[in-house]
1. State in Å² the accessible area per residue of the chain; use a 1.4 Å probe, count heavy atoms of protein chains only, and round to the nearest integer.
2. Relative contact order of the chain, please, whole-number percent, based on alpha carbon pairs below 8 angstrom and at least 6 residues apart.
3. Just checking my list (i) 25.2, 88; (ii) 11.8, 32; (iii) 12.6, 41 against Rg and Dmax of the Cα atoms in Å computed from this structure; which label fits?
4. Give the peptides 62-75, 45-58, 6-19 in descending order of average Cβ contacts within 10 Å, highest first.
5. Along Cα→Cβ, 7 Å out, is where each label goes; now give me the distance between the ones at residue 37 and residue 13 in nm to one decimal.
6. Starting from 0.36 nm per residue, how many nanometres of slack lie between residue 52 and residue 85 once their C-alpha separation is accounted for?
7. Which percent of the accessible heavy-atom area of the range 36-93 goes to carbon and sulfur, probe 1.4 angstrom?
8. Using just the alpha carbons, could you tell me how many Å³ per residue the convex hull of the range 37-81 encloses?
Amino acid sequence: MPRRPNRQPPPPRGCVWIREAADRVGVTRATLYKWRSLGKGPKSFTVGRRAVYRIADLNAYIEGLYQAAMNPEPIPEMRPPVPRLPRRRHSPR
């Protein structure tokens, strides 16, 4: 029996399906699914059983990555290393 072609309906206006969102962000679909379960990455929602991303949210996420790269937070000063003490020689009894 021949298989039906896998045709997706168009996404809602101003949105993209997860495949195109992954291409825009530069990660795999699996990474986006993982980020969704962890509450990380760009905001998303579902339509039926499909993950949908607003284009504005993707652009805002990418802009946030750019701003973080251009304005890195200062590195906190670390404590100086503790001086090493010489080992005691074990005296024979």
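1. Numbers: 9030 Å² over 93 residues.
Counting only protein heavy atoms, the per-residue value for the chain is 97 Å².
2. Values: 52 pairs, mean separation 22.9, N = 93.
For the chain, the relative contact order is 25 percent.
3. Answer by label: (i).
4. 45-58, 6-19, 62-75
5. Calculated label separation equals 3.5 nm.
6. Values: separation 33, 0.36 × 33 = 11.88 nm, distance 5.92 nm.
Contour length minus Cα-Cα distance gives 6.0 nm.
7. On the way: 3320 of 5960 Å².
Carbon and sulfur together cover 56 percent of it.
8. On the way: hull volume 4.3 nm³, N = 45.
Cα-based convex hull of the range 37-81, divided per residue, equals 95 Å³.
The values are calculated or read from the model by the stated rules, or taken from the named source; none is laboratory data. Bear in mind the structure is a predicted one, so any value in this text is a computation, not a measurement. Heads up, the Cβs are rebuilt from the backbone with ideal geometry, glycines too, and the neighbour counts pull from every protein chain shown. Just the protein is used for accessible areas: all its heavy atoms, side chains included, with ligands, DNA and RNA removed. Shrake-Rupley method; radii C 1.70, N 1.55, O 1.52, S 1.80 Å.
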